[in-house]
1. Scanning region C:150-167 for residues that are open to solvent by 40 Å² or more (accessible area, probe 1.4 Å) and among the hydrophobic types (A, V, I, L, M, F, W, C), which turns out nearest to the other protein chains (Cβ to nearest Cβ)?
2. Exactly one of (1) open to solvent by less than 20 Å² (accessible area, probe 1.4 Å); (2) more than 16 Å from ligand 1 (Cβ to nearest atom); (3) under 18 Å from the mean Cα position of the chain (by Cα) is unmet by residue A:100. Its number?
3. Give just the number: which of (1) more than 30 Å from residue B:177 (Cβ to Cβ); (2) surrounded by 19 or more Cβ atoms within 10 Å (Cβ to Cβ); (3) at pLDDT 90 or above does residue C:170 not satisfy?
4. On the basis of being part of a helix (DSSP H, G or I) and more than 11 Å from ligand 1 (Cβ to nearest atom), does residue A:74 make the cut?
5. Please find, within region A:1-54, the residue that is farthest from the other protein chains (Cβ to nearest Cβ) out of those that are more than 14 Å from residue A:211 (Cβ to Cβ), assigned to a loop (DSSP other than H, G, I, E, B) and within 11 Å of ligand 1 (Cβ to nearest atom).
6. Inside region B:1-78, counting only helices (runs of 4 or more DSSP H) that do not spill past its ends, which hold 3 or more residues that are of a type in the set (Lys, Arg)?
7. Does region C:56-77 include one or more residues that are open to solvent by 40 Å² or more (accessible area, probe 1.4 Å), part of a loop (DSSP other than H, G, I, E, B), farther than 24 Å from residue B:181 by Cβ and touching a residue at least 24 places away in the same chain (Cβ under 8 Å)?
8. Name the helices (runs of 4 or more DSSP H) wholly within region B:132-212 that hold at least 1 residues that are closer than 22 Å to residue B:88 by Cβ?
Amino acid sequence: MVKIKFQNVRKVYNGTDVVDNLNLEVATGKFTVLIGPSGCGKTTTLKMVNRLVDPSAGEIFIEGKNISDLNPVDLRRRIGYVIQQIGLFPNMTIAQNIEVVPRLLHWPKQKRLDRTAELLSMVGMDPQQFMNRYPSELSGGQQQRIGVLRALAVEPPILLMDEPFGALDPITRESLQDEIKKLQMKLGVTVLFVTHDMDEAIKLADMIVLMREGQVEQAASPEKLLSDPVSDFVQEFIGKKHLPTNYDVESVWEIMNPNAVTIAKTKGINESIALMNKRNVDSLIIVDENRKLEGIVSVEEIRAAGRQESRIRRIGDLGIRQVPTINIHSQARDAFDLIVNENPRFIVAVDDEDIVYGIVTKTSLVKALAGVVWGDETDV
Amino acid sequence: MSDLPIFLQRNWGTFVNALGTHLKLSFSAVAIGICIAVPTGILLTRFPKAAKKVLAGVGVLQTVPSMVMFGLAMPLLGIGIRTALVVLIIYSILPILRNTYTGISEIPEKYIIAARGMGMNGFQMLMRVELPLAGSVIISGIQLSAVYIISWTTIAALVGAGGLGDLIYTGIMTYNYSMILLGAAPASILAVLTSLLIGWLARIATPRGLRM
Amino acid sequence: MDELISKTLSHLFISLGGVSISAVVGITLGVLLTRISFLSAFVIGFSEILQTVPSLAMLAILMMFFGLGNPTAMMAIFLYSLLPVVRNTYTAMRGVDSSLLEAGKGMGMSRWQLLFLVEIPNAFPVILSGIRVSLITAYGIVTIAVLVGGGGLGGYIYRGTQTVNIGMILKGAIPICLMAVGTDFLLNKVEKKTSIEKRGK
Ligand SMILES: Nc1ncnc2c1ncn2[C@@H]1O[C@H](COP(=O)(O)OP(=O)(O)OP(=O)(O)O)[C@@H](O)[C@H]1O
Ligand SMILES: [Mg+2]
């Protein structure tokens with residue numbers, strides 16, 4: 001089944017073809033990812049679907065209807081749209097942000113309320129706690145979750161997402177990727193998703209559309225794309241992404257993500273919140289002055305401490321949650337087992353003395369596996 | 001100074017009259033100024049090229065001292081309240097116009113794209129996104145304008161418009177310090193209070209999400 | 001003609017005099033406030049209130065202390081200019097990129113060297129814009145100051161309005177407008193130039 005069909009679509013800016021004779025079919029209920037080098041026309045392609053940009057030539061059909069015959073405002077209300085910079089309206093509460101389109105469509109109040117609560121629960125955010133907060137009172141990851149919910153509010157059959165997770169740290173990105181994939185499968189929406197990140201594409205896509213200079217270079221399932229690249233360009237583009245080495249994956253050290261967001265236990269609450277906001281994470285790994293692991297603390301716990309006006313000043317005095325760890329010298333497959341069996345958000349990679357070196361996430365494992373299966377260059 | 005009560009008693013009627021005129025003039029000038037400047041400012045955001053020129057012109061006009069403006073208007077429009085009102089309205093427009101324009105055009109593009117992408121039409125975008133986000137800048141333009149206008153209304157006495165400036169002016173001419181104070185003190189208090197009041201209104205009207 | 005020139009010059013010099021005093025006092029105060037920042041809200045708040053006082057009221061009240069004439073005008077200009085200068089100095093100094101400060105410290109600058117070689121030059125365009133605003137306001141105040149016995153071009157306008165003599169009004173109005181527009185243009189240019197230079201570095 002075809003949901004969105006691009007037929008000989010061109011877009012010309014200042015005499016250059018930004019999108020050049022694009023022919024593409026996006027299947028109903030599938031997750032389609034547009035990927036390609038910067039400036040190849042991904043955003044432009046996406047914006048033509050909801051008519052933020054009109055093509056210079058060619059036609060776009062949604063369920064067989066030529067969208068140039070539709071009223072752009074009505075069209076947009078039926079297509080969810082998530083932008084990279086999130087763009088939650090700072091003057092509106094979380095609930096008001098989610099209810100923008102329902103209001104435009106004149107939904108009754110009770111229906112709006114119910115829907116907002118339902119959506120928040122869907123991503124594990126307590127409606128009572130979050131509905132009346134403002135975007136500035138949320139972490140980056142939480143804000144982007146709301147950005148997605150806002151786009152899903154009226155159950156649009158199509159969801160357009162333009163690098164929605166680009167600005168987030170690896171841990172948060174990882175968990176949001178899991179969430180969006182789950183949501184997409186549950187709701188059966190047709191997603192057209194733009195990214196720069198091949199790992200993200202491989203993880204999420206049913207079909208990857210690799211673009212180059214406004215044209216489709218290859219459109220295929222992730223497996224097919226990796227095993228059967230049609231050109232050197234595709235090969236190189238996959239290779240350029242940070243898939244790990246093709247020699248044997250042995251230790252956790254080789255597969256971990258070294259950019260764990262840590263904070264010294266002596267730091268203050270405000271500093272911790274600032275760091276979370278800056279790095280866009282939901283939780284921090286707490287270490288002592290030697291980077292020795294103390295535990296983790298989540299944004300909710302920090303906020304709660306801030307509110308109680310308790311005498312807790314230092315992050316280390318908060319009740320610290322224990323966290324699964326793995327030795328950096330262990331076998332990578334031990335990390336794999338741990339993640340598969342216990343399903344934690346991440347594992348902290350430490351040495352014999354509990355010094356923190358990095359984290360292992362599902363993405364790290366996928367990367368490592370992809371490296372083994374398909375082979376790749378050095379990097380990481 | 002010891003016969004201040006007697007002085008007050010004798011001039012109470014004049015004072016109330018002057019204060020009334022002052023309030024009426026300032027208030028109408030700012031109110032009319034808002035009605036002209038806010039829509040014009042919004043309109044200008046839709047024509048950014050023209051806006052540059054208009055605002056440059058407005059900027060030049062704003063450097064002209066008030067007394068010069070009254071002086072120039074008087075031979076054209078005659079003596080009296082009408083002349084004063086015209087000049088005051090022109091002045092009240094400037095800060096509000098500029099702040100409306102910059103307030104709206106400096107809204108980060110992401111909010112505009114998000115709003116359009118969600119299917120807001122031009123009017124909905126204006127009411128739900130642009131005006132709320134530019135609100136505090138527009139209001140501070142109004143605050144500035146109101147303070148200026150209260151000040152310039154005192155000068156309007158020169159073209160025979162009355163108001164508190166009349167008392168100050170008469171006081172200076174007759175070396176009557178009580179009379180000067182009777183005009184100057186209320187004019188100053190009026191300006192300070194107006195400024196505080198508008199600032200306070202702006203603060204309580206700002207949603208919590210924008211206060212941080 | 002001689003009279004016109006001398007009045008124009010005195011208009012200019014009274015304005016420049018008042019603004020110069022407040023530039024010296026205001027910049028010093030602004031710099032001091034960055035070192036004792038708990039006072040800043042108080043000082044800036046106070047000068048904000050001063051700024052709100054209508055100019056004729058201010059002149060009239062000052063006249064009661066300083067008598068008729070130019071000192072009253074200069075005093076008024078001084079008080080009005082304080083806010084733009086102090087506030088711009090204060091915010092510009094605080095806005096100086098902290099990496100520049102660290103670079104300066106790293107190169108072994110003393111506190112004074114840091115102030116004069118890094119902080120003030122970087123804050124200069126913003127400080128200058130405060131001075132520009134003050135100067136333009138000053139021309140207006142000197143004009144009104146004719147009512148409290150000040151010199152300058154306001155006399156033509158005042159006499160012109162009293163006798164409904166448009167020629168007389170224009171004789172005062174044109175030089176004042178040229179002065180205001182010219183100052184605005186010139187100082188704007190210097191501001192742009194100094195801040196672009198900074199960007200280029
Ligand atoms: N409104 C516009 N006017 C002129 N040129 C534009 C406009 N929008 C995009 N372009 C140009 O079109 C080309 C494609 O832009 P587009 O935003 O679609 O790229 P992209 O693939 O999304 O890139 P990125 O990965 O950097 O986001 C770029 O060269 C861009 O400069
Ligand atoms: Mg893009």
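1. C:166
2. Among (1) open to solvent by less than 20 Å² (accessible area, probe 1.4 Å); (2) more than 16 Å from ligand 1 (Cβ to nearest atom); (3) under 18 Å from the mean Cα position of the chain (by Cα), residue A:100 violates only (3).
3. Result: residue C:170 fails condition (2) only.
4. Numbers: part of a helix (DSSP H, G or I): yes; more than 11 Å from ligand 1 (Cβ to nearest atom): yes.
When the stated conditions are applied, residue A:74 passes them.
5. A:15
6. Numbers: elements: B:4-46, B:48-62, B:66-77.
Per the criteria, B:4-46, B:48-62.
7. Looking through region C:56-77, none of the residues is open to solvent by 40 Å² or more (accessible area, probe 1.4 Å), part of a loop (DSSP other than H, G, I, E, B), farther than 24 Å from residue B:181 by Cβ and touching a residue at least 24 places away in the same chain (Cβ under 8 Å).
8. On the way: elements: B:164-173, B:177-205, B:208-211.
Once the helices (runs of 4 or more DSSP H) in region B:132-212 are filtered for at least 1 residues that are closer than 22 Å to residue B:88 by Cβ, what remains is B:164-173, B:177-205.
The values are calculated or read from the model by the stated rules, or taken from the named source; none is laboratory data. Since we're looking at a predicted model, the values are computed, not measured. Don't worry about glycine lacking a Cβ; one is built from the backbone with ideal geometry, like all the others, and counts go over all protein chains shown. Only protein heavy atoms, including side chains, enter the accessible area calculation; ligands, DNA and RNA are left aside. Shrake-Rupley method; radii C 1.70, N 1.55, O 1.52, S 1.80 Å.
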